[in-house]
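The values are calculated or read from the model by the stated rules, or taken from the named source; none is laboratory data. Here the structure is a predicted model, which is why all the values come from computation and not from measurement. Cβ coordinates were reconstructed from backbone atoms using ideal geometry, including for glycine residues, and neighbour counts include every protein chain displayed. For accessibility, only protein heavy atoms count, side chains too; no ligands or nucleic acids. Shrake-Rupley method; radii C 1.70, N 1.55, O 1.52, S 1.80 Å.
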Amino acid sequence: ANTIIVRGMERGQEYTVFVQAVAGDKKGNVSTVSGKTLKLELELVLLEDELTSTSAVVEIRPGGDTSKYRYMLGSMELLENGTWPDIMWENDVTAPKETQATGLTPGETYTIFAQPFAENGTRGETQIIEFTTPTADEAE
């Protein structure tokens with residue numbers, strides 16, 4: 001048995017792979033395998049009118065073949081190190097979800113990460129949204 005890896009496919013597209021055994025001048029029947037690639041979507045939207053010097057609200061919008069996602073508030077350093085502390089999982093992806101970060105420091109930059117997953121465990125691209133809380137002077 002051999003494994004064939006096909007790269008460069010686009011998400012959410014239907015593909016057919018044709019396979020034929022060849023031994024010298026003899027050729028076997030052509031076999032086909034068809035399937036559709038997963039389309040894992042997740043959009044993060046900062047609700048600007050909910051941004052204060054100490055809190056922020058981000059809406060998480062799943063789509064495509066996303067069946068669950070994980071998200072967290074953190075720093076780019078955590079993501080670059082592969083660390084996901086204080087992960088929240090969302091298994092109900094039937095509608096957008098608002099998540100609120102509180103206890104933030106005025107004038108600081110924060111990052112929210114979210115990563116979609118398909119039912120079979122396939123991970124989608126990590127989505128990142130970065131925002132800076134206004135200082136007390138900016139909030140006035």
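Each residue in region 113-138 was checked for being acidic (Asp, Glu) and either crowded, with 17+ Cβ neighbours inside 10 Å or in a loop (DSSP other than H, G, I, E, B) (or both), and 2 pass.
Residues in region 54-81 that are outside any strand (DSSP E or B) and in contact (Cβ under 8 Å) with a residue 60 or more places away in the chain: 54 alone. Candidates 1, 23, 101: the one that is open to solvent by less than 90 Å² (accessible area, probe 1.4 Å) and either modelled with pLDDT under 90 or closer than 18 Å to residue 127 by Cβ (or both) is 101. Taking residue 12, is it within 16 Å of residue 122 (Cα to Cα), open to solvent by less than 50 Å² (accessible area, probe 1.4 Å), at pLDDT below 95 and over 15 Å from the mean Cα position of the chain (by Cα)? No, not satisfied. Would you mind stating whether residue 80 is open to solvent by 90 Å² or more (accessible area, probe 1.4 Å), within 15 Å of residue 127 (Cα to Cα) and modelled with pLDDT under 85? Yes: the conditions hold for residue 80.
Answer yes if at least one residue in region 63-78 is farther than 24 Å from residue 5 by Cβ and among the aromatic types (Phe, Trp, Tyr), and no otherwise. The answer is yes; a qualifying residue exists. Quick check: anything in region 53-66 within 14 Å of the chain's Cα centre (by Cα), closer than 30 Å to residue 10 by Cα, at pLDDT below 90 and not basic (Lys, Arg)? No, region 53-66 has no match at all. Taking the criterion of being within 30 Å of residue 73 (Cβ to Cβ) and either among the β-branched types (Val, Ile, Thr) or assigned to a loop (DSSP other than H, G, I, E, B) (or both), the residues of region 1-53 that qualify are 11, 12, 38, 39, 45, 47, 51, 52, 53.
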